[in-house]
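S.K.: One structure coming up, written as structure tokens, with questions to follow.
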Amino acid sequence: MGDLLSTIGTPLYYAISAIWLAWHRLFDLLPISSGWSWTLAIIGLTITIRALLIPLFVKQIKSSRNMQLIQPKVKELQKKYGHDRERLAQETMKLYKDTGTNPFASCLPLILQMPIFLSLFHLLRNAADRHPKGFLDQADVDQISGGKIFGAGISDTLTHPDNTNVVVLAVILVISMTATTFITQRQLMSKNMPADAMSGPYAQQQKLLLYVLPIVFAVGGIAFPIGLMLYWTTSNLWTMGQQFYVIRNNPAPGTPAAQAKADRDRAKAVRHGHGDVAVDTAAPAVEAPEEPRQRQQPKRQTREQRKQSSRPNQPKKDQ
Amino acid sequence: MIDPVKFVLVGLLKAYRLLISPLYGQVCRYHPSCSTYALHAVEVHGSLRGSWLAVRRVGRCHPWAAGGYDPVPAPRSSRVHTGPSH
């Protein structure tokens, strides 16, 4: 079993150490200590990995783009199967499949990151014992093993701390990891969930876990070396930013975030001198997700125009 | 027949669903979610075939898949004891 894992892991050790080394070479050009250079290189590695996963993210955004359009159907299903949670979930998923619109990201991004995380863990552990691994040679692991930021070794863990600085930095990092995860979850739940999904026993359980899990998370994080916690924190920050982007630009329909976006869009329309149009669009606040703002206006106006033609006493400027 | 592997797998899956899964919220493009599917598959089909089914399901769950309703298939033959183990 161990042999099998190392067979799968070896190419990953090389790949991860190569990216890490490349960033280290870059940061070595700066007048900083080697500890800082290796640390910043870990952050560079995180950014590289997350940037490589952007296509998955874009694909997910695209597949959730028509959520607004199928919203009436979702509402219909909720009315029909609201009493039966299981059936509602089945029918909603069926609808997502049939319309090619699915708001969920799948677990692939997570699964892809797990072996990378474990590889970095092994690289750091080996470096702590001065064992070369992947593309890291003896000089590299000696540097990493002795590398310090704020007086704390980057390959040190909270279970075997060298000095108090390790403890302080580890605690700060555990708090940062917890805080970023917490904020991300909270933002998702408070801004991007419809009010009816926020009630019920399921939502209650989720709310409780929202407070309990950061603690579990912190306990788990204690065993990881400083460098790995930095990777995790950076990755969490990236997730937070990514989610902020989604909630702002592709909010789930019928949520506070969707309302905020509708308000912003309306304010924008007014700013761009479509004040008269804004009065008309105020009613159908839920409009096509985003995209060609300029082209949408005339389309909407002609429809109005068509309606207005039956009421001849309100002339509208044709564009 | 006692299947200790099944016992361990069910325990691991339950721990995952309790502790790790909520960290990420709902991300699964299918119903039931991959972990529910895996738990059910192992319970109904045993550790070997159940794991195989679960691995295939996770492989199917990616941003290019349409998702949808995808329940665990029924046991192949009636001689497999399918009493609800919970």
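The values are calculated or read from the model by the stated rules, or taken from the named source; none is laboratory data. Computed from a predicted model, the values in this text were never measured in an experiment. Backbone-built Cβ (ideal geometry, glycine too); neighbour counts: all protein chains shown.
S.K.: Please find, among A:SER63, A:SER33, the residue that is in contact with a Pro (Cβ under 8 Å, 6 or more places away or on another chain) and farther than 16 Å from A:MET229 by Cβ.
M.R.: Going through A:SER63, A:SER33 in turn, the sole match is A:SER63.
S.K.: When region A:38-64 is examined, which residues are found to be free of Cβ contacts under 8 Å to residues at least 40 places away in the same chain and in contact with a Phe, Trp or Tyr (Cβ under 6 Å, 6 or more places away or on another chain)?
M.R.: Those that are free of Cβ contacts under 8 Å to residues at least 40 places away in the same chain and in contact with a Phe, Trp or Tyr (Cβ under 6 Å, 6 or more places away or on another chain): A:LEU40, A:ALA41, A:GLY44.
S.K.: Could you tell me which numbered condition B:VAL58 fails, if it satisfies all but one of (1) touching a Cys at 6+ places or on another chain (Cβ under 7 Å); (2) free of Cβ contacts under 8 Å to residues at least 24 places away in the same chain?
M.R.: Of the numbered conditions (1) touching a Cys at 6+ places or on another chain (Cβ under 7 Å); (2) free of Cβ contacts under 8 Å to residues at least 24 places away in the same chain, the odd one out for B:VAL58 is (2).
S.K.: For the structure I just gave you, tell me whether B:VAL27 is surrounded by fewer than 21 Cβ atoms within 10 Å (Cβ to Cβ) and at pLDDT 85 or above.
M.R.: no
S.K.: I'd like the full set of residues that are under 12 Å from the mean Cα position of the chain (by Cα) and outside any helix (DSSP H, G or I), limited to region A:44-71.
M.R.: Once the filter is applied, which keeps residues that are under 12 Å from the mean Cα position of the chain (by Cα) and outside any helix (DSSP H, G or I), region A:44-71 yields only A:LEU53.
S.K.: Continuing with this model, one more query. Of all residues in region A:147-173 being crowded, with 17+ Cβ neighbours inside 10 Å and not hydrophobic (A, V, I, L, M, F, W, C), which is nearest to A:ILE16 (Cα to Cα)?
M.R.: A:SER155
S.K.: Report, by residue number, each residue of region B:57-69 that is more than 12 Å from B:ALA38 (Cα to Cα) and surrounded by 19 or more Cβ atoms within 10 Å (Cβ to Cβ).
M.R.: B:CYS61, B:HIS62, B:PRO63, B:GLY67
S.K.: If I filter region B:1-56 down to residues being more than 14 Å from every other protein chain (Cβ to nearest Cβ) and not in a helix (DSSP H, G or I), which single residue comes out as nearest to A:GLN60 (Cα to Cα)?
M.R.: B:ASP3
S.K.: A further question on this structure: Considering only region A:36-67, state which residues are polar (S, T, N, Q) and within 14 Å of chain B (Cβ to nearest Cβ).
M.R.: Of everything in region A:36-67, those that are polar (S, T, N, Q) and within 14 Å of chain B (Cβ to nearest Cβ) turn out to be A:GLN60, A:SER63, A:SER64, A:ASN66.
S.K.: Given the conditions (1) within 14 Å of chain A (Cβ to nearest Cβ); (2) at pLDDT 90 or above, report the number of the one that B:ALA66 does not fulfil.
M.R.: It is condition (2) that B:ALA66 fails.
S.K.: Could you tell me whether any residue of region A:120-129 is part of a helix (DSSP H, G or I) and among the acidic types (Asp, Glu)?
M.R.: no
S.K.: Separate question: Being more than 9 Å from every other protein chain (Cβ to nearest Cβ) and not in a helix (DSSP H, G or I) is the filter; apply it to region A:81-102 and report the residue that is nearest to B:TRP64 (Cα to Cα).
M.R.: It comes out as A:THR101.
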